[in-house]
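The values are calculated or read from the model by the stated rules, or taken from the named source; none is laboratory data. For clarity, every value in this text was computed on a predicted model and none was experimentally measured. Neighbour counts are summed over all protein chains in view; Cβ atoms, including those assigned to glycine, are modelled from backbone coordinates with ideal geometry.
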Amino acid sequence: MPAFPWYFALKDRAGAADVMIPVPDGYKPPGKIVVATPAALALVSYLQSLKQPPLNLEALGMEMPSSASGSSRTTAGRAAEGSEVYAANCARCHQAEGTGLQGFAPPLKEDPVVLSANPAPLIDTCSTERREE
C-alpha cells in the first residue's frame, strides 16, 4: 500500500473516472487496485498550481472525477483544497513555501516533478514517498 494511505482507496475495480496508482506487485494488496482519493488529486492540483500554467487534466486525456471533487470545481478551487491538504500533511517537512529541510525533506519549489505538466510522476512520488532520480 502507498506510504500515505489517506490519499488512496482500495477497490475491486476502477470506475471510469478513477485515477489508478501503479503499485509494485510486492506492495499491491491482493485482488485490489489502488486509486487516488479526492485529497490526493487536490494535493496534486495545488502543487502544480505553484507553477504558472494551470493543470489541464482534459489535455492529458484525464478528468477530475465528479465524485472526487464533490462539485464541478475549477482548477483554482481544487488548488485551494489542495493547499489545505498540503498544509495539514506536507508542510511540516517540506515547509510552507516548498523549500524543504536540507538532509531531511527535499524542496518541492522548482522541482521538475512538481513543475511537469504530467501529474503521473507527482502522484507516484506522493504515493511511494520516493522517486527515481
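Some notes on this structure:
- Qualifying position, being within 19 Å of Gly15 (Cβ to Cβ), touching a helix residue (DSSP H, G or I) at 6+ places or on another chain (Cβ under 6 Å) and modelled with pLDDT of 85 or more, among Pro119, Pro38: Pro38
- Extreme residue, surrounded by the fewest Cβ atoms within 10 Å (Cβ to Cβ), among residues of segment 75-122 that are of a type in the set (A, V, I, L, M, F, W, C) and over 15 Å from the mean Cα position of the chain (by Cα): Phe104
- Check on Gly82, in contact with a Ser or Thr (Cβ under 7 Å, 6 or more places away or on another chain) and at pLDDT 75 or above: yes
- Val35 being farther than 16 Å from Pro121 by Cβ and either in a loop (DSSP other than H, G, I, E, B) or of a type outside the set (Phe, Trp, Tyr) (or both): yes
- Within segment 1-27, the set of residues being free of Cβ contacts under 8 Å to residues at least 12 places away in the same chain and in a loop (DSSP other than H, G, I, E, B) comprises Ala16, Pro24, Asp25, Gly26.
- Residues in segment 31-47 that are under 16 Å from Pro5 (Cα atoms) and free of Cβ contacts under 8 Å to residues at least 24 places away in the same chain: Lys32, Ile33.
- Taking first residues from segment 83-102 that are farther than 16 Å from Tyr7 by Cβ and partners that are surrounded by 12 or more Cβ atoms within 10 Å (Cβ to Cβ), the Cβ contacts under 6 Å between residues at least 6 apart in sequence or on separate chains come to Gly98/Leu108; Gly98/Lys109; Thr99/Pro107; Thr99/Lys109; Gly100/His94; Gly100/Pro106; Gly100/Pro107.
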